[in-house]
Amino acid sequence: MYQLIVETSTNLPYDVRKAIKQAKAQENAGTRAALSLSTITENISMADEEVSPICQDTGMPTFKIKVPIGANQIEIKREIEEALVQATEDGKLRPNSVDSLTGKNSGDNLGPGTPAMYFEQWEKDYIDVRLVLKGGGCENKNIQYSLPAELEGLGRAGRDLDGIRKCIMHSVYQAQGQGCSAGFIGVGIGGDRTSSYSLAKDQLFRSVDDVNPNQELKKLEEYVLENANKLGIGTMGFGGEATLLGCKVGTMNRLPASFFVSVAYNCWAFRRLGVAIDPQNGEITDWYYQEGEKIDFAEEAKKEAQEATGEEEVKQVVLQAPVTEEQIRELKVGDVVVINGDLHTGRDAIHHHLMSHDAPIDLNGQIIYHCGPVMLNDKEKGWQVKAAGPTTSIREEPYQGDIMKKFGIRAVIGKGGMGPKTLKALEEHGGVYLNAIGGAAQYYADCIKDVKGVDLMEFGIPEAMWHLEVEGFAAIVTMDSHGNSLHADVDKSSLEKLGQFKEPVFS
Ligand SMILES: O=C(O)C[C@H](O)C(=O)O
Ligand code: SF4
């Protein structure tokens with residue numbers, strides 16, 4: 001179980017690698033989307049080499065286990081829990097289990113509902129364990145429709161295959177880049193609200209290459225894959241050709257009165273693996289999702305990095321943090337900023353806290369990084385950063401503008417963009433929003449040269465305020481102090497494109 005957990009967190013499966021490689025081939029060199037994909041593939045290689053988490057959000061560990069008749073499920077549960085605790089201690093998983101009422105992090109990835117484990121008996125003589133580590137950002141972009149429904153951009157979706165088609169197209173649109181596109185979707189049709197979502201998630205256990213045996217669903221999957229990529233959302237929502245990398249649809253019976261379509265959205269960091277286990281000796285006899293060649297992005301990434309620095313099409317601005325208002329007002333959407341100096345992490349708990357408390361340090365001219373890192377406290381070296389990519393910024397929308405003004409913060413780094421309230425505050429106050437590449441947790445951890453301290457540890461490791469010193473931390477200006485937002489632009493243009501799919505296709 002330990003091996004399965006570590007491999008899943010650090011080594012992306014072959015089928016997912018293949019889909020990412022295809023996406024890269026679709027994007028034109030030198031574009032924002034192509035550069036972001038290069039960062040992503042470089043990150044995949046780094047995680048593999050370092051045996052460190054691909055993304056800092058190691059998600060909700062979800063196990064699907066098939067056991068021969070007579071196998072002791074209680075013992076298997078215990079083994080899984082022990083392995084999770086160990087993997088957390090070793091920095092392969094972030095402590096991710098939080099009490100919903102008190103906000104307290106259990107620290108070891110155990111707690112009510114964590115991990116999720118689903119057992120099933122079968123008549124074979126081996127144990128089949130599948131694991132998906134699905135992060136919170138993409139989980140937040142899951143969506144459930146109850147048909148008939150009225151959908152933005154697409155009009156009425158009826159209780160038929162064409163209505164289902166519209167829901168799925170809409171689900172990709174509404175995710176924008178916030179679930180770290182390009183993503184994979186699993187769709188569940190029918191059931192009740194619970195079983196419909198669970199069917200959607202089950203589809204994520206199908207291999208990316210898997211072909212649906214049901215001809216109608218096969219056509220639907222192909223249609224969505226082809227057409228969702230015409231929405232122009234692209235990697236991280238920066239615009240581009242690759243928005244969706246996989247679409248798998250399953251169906252089950254429903255009640256006469258209900259008609260649910262549920263969509264489970266998974267980011268590009270699609271961490272799911274599986275093993276066959278011999279119950280006699282506990283040995284792994286087979287790994288799943290590893291057919292064919294393993295794509296090694298390392299060499300490719302090196303070549304591309306050289307080419308990209310040679311091209312230099314985009315404006316690059318080096319900022320030494322702390323920064324001044326004048327420096328920030330000079331930045332425009334599309335600029336690439338390279339940061340050296342101080343960064344301070346702050347996510348949900350910190351933003352909520354800062355609304356009614358003083359900051360633990362002087363934040364004037366400082367940069368806030370929406371990030372909940374994986375940290376290890378080494379006896380000799382002190383705090384070590386194991387993974388540190390951005391988290392979805394939109395959750396801080398109610399607070400961000402006020403906090404920037406209150407403390408004189410000049411820049412925030414995150415992913416997925418923010419809304420009109422923040423945009424207005426950036427203009428009034430002289431601030432900027434910088435988009436880092438979601439999921440690229442190794443790539444950014446590598447830029448962190450020192451952990452200078454930590455405050456508000458009572459919020460738990462991911463939510464604490466970490467004071468970091470960085471070098472060469474690159475991010476893209478996607479919202480500036482002149483009222484421009486790339487996110488608003490991509491949302492608007494993709495909604496217009498969504499309108500092209502209004503007419504019936506499967507009727
Ligand atoms: O929790 C995180 O670090 C990231 C989260 O998965 C997100 O996508 O927002
Ligand atoms: S940060 Fe992005 S890549 Fe990581 S779990 Fe969240 S959605 Fe996935």
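The values are calculated or read from the model by the stated rules, or taken from the named source; none is laboratory data. Keep in mind that what you see is a predicted model, and the values were worked out from it rather than measured. Cβ placement follows ideal geometry from the backbone for every residue including glycine, while neighbour counts extend to all protein chains displayed. The accessibility values were calculated without ligands, DNA or RNA, using every heavy atom of the protein model including side chains. Shrake-Rupley method; radii C 1.70, N 1.55, O 1.52, S 1.80 Å.
Annotations
- Take the Kirkwood radius over Cα pairs of the chain, plug it into Stokes-Einstein at 25 °C and 0.890 mPa s, and you get 105 µm²/s for translational diffusion.
- Within the straight-line cut-off of under 20 Å between alpha carbons, the lysines reachable from K21 are K230, K248, K294, K302, K303, sequence neighbours fewer than 8 places apart in one chain being disregarded.
- Lone cysteines, the chain (no partner Cβ under 4.7 Å): C55, C167, C247, C371, C447
- Rounded percent of accessible protein surface that carbon and sulfur make up, the chain, 1.4 Å probe: 48
- L93 sits among other residues whose Cβ lies under 14 Å from its own Cβ, and their net charge, with Lys and Arg +1 and Asp and Glu -1, is -2.
- Among beta bridges that DSSP assigns inside the chain, antiparallel share in %, nearest 5: 65
- Extension gain (nm, one decimal) between Q26 and E222, 0.36 nm per residue minus Cα-Cα: 68.9 nm
- ³J(HN,Hα) computed for each position of the range 246-262 - Karplus, 6.51 cos²θ - 1.76 cosθ + 1.60, integer Hz, glycine/proline x: x, 9, 10, 10, x, 9, 9, 5, 10, 7, x, 7, 10, 8, 9, 10, 10
- Size check on the range 316-487: the Cα extents along the three principal axes, sorted descending, read 47, 36, 25 Å.
- With the simple model of a label 7 Å out from the Cα in the direction of the Cβ, E89 to E75 spans 2.2 nm.
- Gyration tensor verdict on the range 207-278 (Cα atoms; rounded if a/c is under 1.5, prolate if a/b is larger than b/c, oblate otherwise): oblate
- Whole-angstrom gap from the range 376-403 to the range 203-230, using each part's C-alpha centre: 36
- Among the listed pairs K218/K386; K134/K218; K18/K77, a Cα-Cα separation exceeding 30 Å is found for K218/K386; K18/K77.
- Per residue, the chain exposes 41 Å² of accessible surface when a 1.4 Å probe is rolled over the protein heavy atoms with every protein chain present.
- Gyration tensor (alpha-carbon) shape descriptor, the range 2-300, a/c threshold 1.5: oblate
- Value at 222 nm in deg cm²/dmol, rounded to 500, when DSSP H runs of n ≥ 4 in the chain each add -39,500 (n - 2.57): -10000 deg cm²/dmol
- Restricting the range 306-400 to GluC sites (Glu not before Pro) in coil, as DSSP defines it, with at most 16 other Cβ within 10 Å: E312, E313, E330, E380
- Ligands, DNA and RNA aside, S100 has an accessible area near 110 Å² when probed at 1.4 Å.
- For the range 359-440, the square roots a ≥ b ≥ c of the C-alpha gyration tensor eigenvalues yield an a/c of 1.5 or more together with a/b not exceeding b/c, which makes the shape oblate.
- DSSP-assigned coil residues among trypsin sites (Lys or Arg not before Pro) in the range 418-507, each with at most 16 further Cβ atoms within 10 Å: K502
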